[in-house]
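First comes the structure, then the notes that go with it.
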Amino acid sequence: MRNGLRIFTLGIVCTISLFYGCNLSRDAGSINDSSPKEYSQGEPCSPHPDKAWDIVRVYYGTDRTRTGDTRPNNFYSAEPSILQYGICEVSIPASHEYGEIERPSIWKLEFTENPERHVMLKFVAPVEEDQFLDELQKEVTDSGSEEAFVFVHGYNVSFAHAARRTAQMAHDLRFKGPPIMFSWPSQGKLPGYVADMTSADFAKGHVLEFVEKIARDSGAKKVHLIAHSMGNRIVTDVLKDLSEQSVYRDVPKFNQVILAAPDIDARTFKYEIAPKITQADRVTIYASSNDKALKASQLVHQGRRLGQGGVELTVFPEQKFIDMIDASQVDFGFFELGHASYADGLLADVQRTLAGTPVVTRGLTAHESQYAWLVPGPLRPTEDLTSGIQTASLETLSPETPVQVQPQESESSSRWSWWKIFWPF
């Protein structure tokens, strides 16, 4: 009976989703600016006249292939290509809530995007490298902040999703400098994990070229790097390569590097990458024991992931420039595309991190290991943490430290635990 109800519910959801997707695809062109648009130098970026929404300009690099479809949401595919530059604009509604990327909801009977209610990618304009840098330099100067950040997204993210997240981050963090993103050719699908790993590896050379150009030619005195999930696989390798190349050539140095829920092997980073990083003023790692994608990745890789918090937390007593922040006690949605809003404590800490505020003065709670910090806040209810936060051992992670073994489950229960990771109810 229970299985029948699940199948019936899933059937309803799939039917509505199909109807919703068809309508959204059909109607998107009537709302987005679907005609080809040349980006004119010096074009103003300002709130909509009636204040119903704001516009955030996002500078981007990508190695995705263009589809030939001029609709913003469909402009780039998941196929790899050469490094390209561009500028896009994203609208943020006046009713926007911190941490959210408001999208049409089938539960609210919303079948098309509306800039008064949703975060929308309004248009995408590829530009030549020279124009890209000219525009970027102008915005850095006009902002008066002399800083910029580059966001590298993670697994299961389309170009449009990445643009919306980058704009939302800049808007919510009240970041004064220009927001920049690099969008590598993720499949944007849950089953695309293995393909995404291949694409992430393919993109490393392009990301290195892109962020180095930003650091050298944007005019910003401070360039921050922010990576999420599988995007950390790219950014950490880029930092390692730049550090190794600094021995024989002049390479730029980045200011704040934020690694959010990094989906990379903890031991590999601790022993092979972290000791070699010299081209970052400071590295902040946000971990969480509530991240479902990292739990799934641990099962796939049979090893601890750097972004896991709680009893799986990795600490760095020898690398004083690395701050490990366990955010298991708060909603981690800020870095999780499509998830719920994040707690004010995490938002405030990210802001202070980018501002260069020392970790000891950011209002965090000292971790019992003395080598990490906790973001204070009420623990959200989860199946895994029913009695409070689990903290890491006083010992640092070493190759001899075994990954925590979970109690044995029955075969049927084990199969269901895999599906629960992606089950929406």
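When you go through (1) in contact with a Ser or Thr (Cβ under 6 Å, 6 or more places away or on another chain); (2) under 26 Å from Leu346 (Cβ atoms); (3) open to solvent by 30 Å² or more (accessible area, probe 1.4 Å) one by one for Glu79, which number turns out not to apply?
Unmet for Glu79, out of (1) in contact with a Ser or Thr (Cβ under 6 Å, 6 or more places away or on another chain); (2) under 26 Å from Leu346 (Cβ atoms); (3) open to solvent by 30 Å² or more (accessible area, probe 1.4 Å): (2).
Of all residues in the range 237-268, count the ones that are assigned to a helix (DSSP H, G or I), touching a residue at least 40 places away in the same chain (Cβ under 8 Å) and surrounded by fewer than 24 Cβ atoms within 10 Å (Cβ to Cβ).
Here the count works out to 2.
Applying the selection to the range 102-132, what residues are open to solvent by less than 60 Å² (accessible area, probe 1.4 Å), more than 18 Å from Gln168 (Cα to Cα) and not small (Gly, Ala, Ser)?
Ile106, Glu110, Phe111, Thr112, Pro126, Val127, Gln131, Phe132
I'd like to verify a number: residues in the range 176-233 that are within 16 Å of the chain's Cα centre (by Cα), buried (at least 24 other Cβ atoms within 10 Å of the Cβ) and part of a loop (DSSP other than H, G, I, E, B), how many?
Number satisfying all stated conditions: 5.
Criterion first (part of a loop (DSSP other than H, G, I, E, B), modelled with pLDDT under 95 and aliphatic (A, V, I, L, M)) does Val157 satisfy it?
Considered against the rule, which asks whether it is part of a loop (DSSP other than H, G, I, E, B), modelled with pLDDT under 95 and aliphatic (A, V, I, L, M), Val157 comes out as yes.
Mind listing whichever residues of the range 87-124 are among the small types (Gly, Ala, Ser) and either part of a loop (DSSP other than H, G, I, E, B) or over 13 Å from Ala160 (Cα atoms) (or both)?
Listed by number, the residues that qualify are Ala94, Ser95, Gly99, Ser105.
Do you know which residues across the range 159-173 are surrounded by fewer than 24 Cβ atoms within 10 Å (Cβ to Cβ) and farther than 19 Å from Ile258 by Cα?
Scanning the range 159-173 gives Ala160, His161.
Name the single residue, out of those in the range 133-150 being open to solvent by 10 Å² or more (accessible area, probe 1.4 Å) and in contact with a helix residue (DSSP H, G or I) (Cβ under 9 Å, 6 or more places away or on another chain), that is modelled with the lowest pLDDT.
Glu146
Quick one: in the range 273-321, which of the residues that are crowded, with 20+ Cβ neighbours inside 10 Å and hydroxyl-bearing (Ser, Thr, Tyr) is modelled with the lowest pLDDT?
The residue in question is Ser297.
The values are calculated or read from the model by the stated rules, or taken from the named source; none is laboratory data. Keep in mind that what you see is a predicted model, and the values were worked out from it rather than measured. When we count neighbours, we look across all protein chains shown, and the Cβ atoms used for this are built from the backbone with ideal geometry, even at glycine. These accessible areas exclude ligands, DNA and RNA; they are computed on the full protein's heavy atoms, side chains included. Shrake-Rupley method; radii C 1.70, N 1.55, O 1.52, S 1.80 Å.
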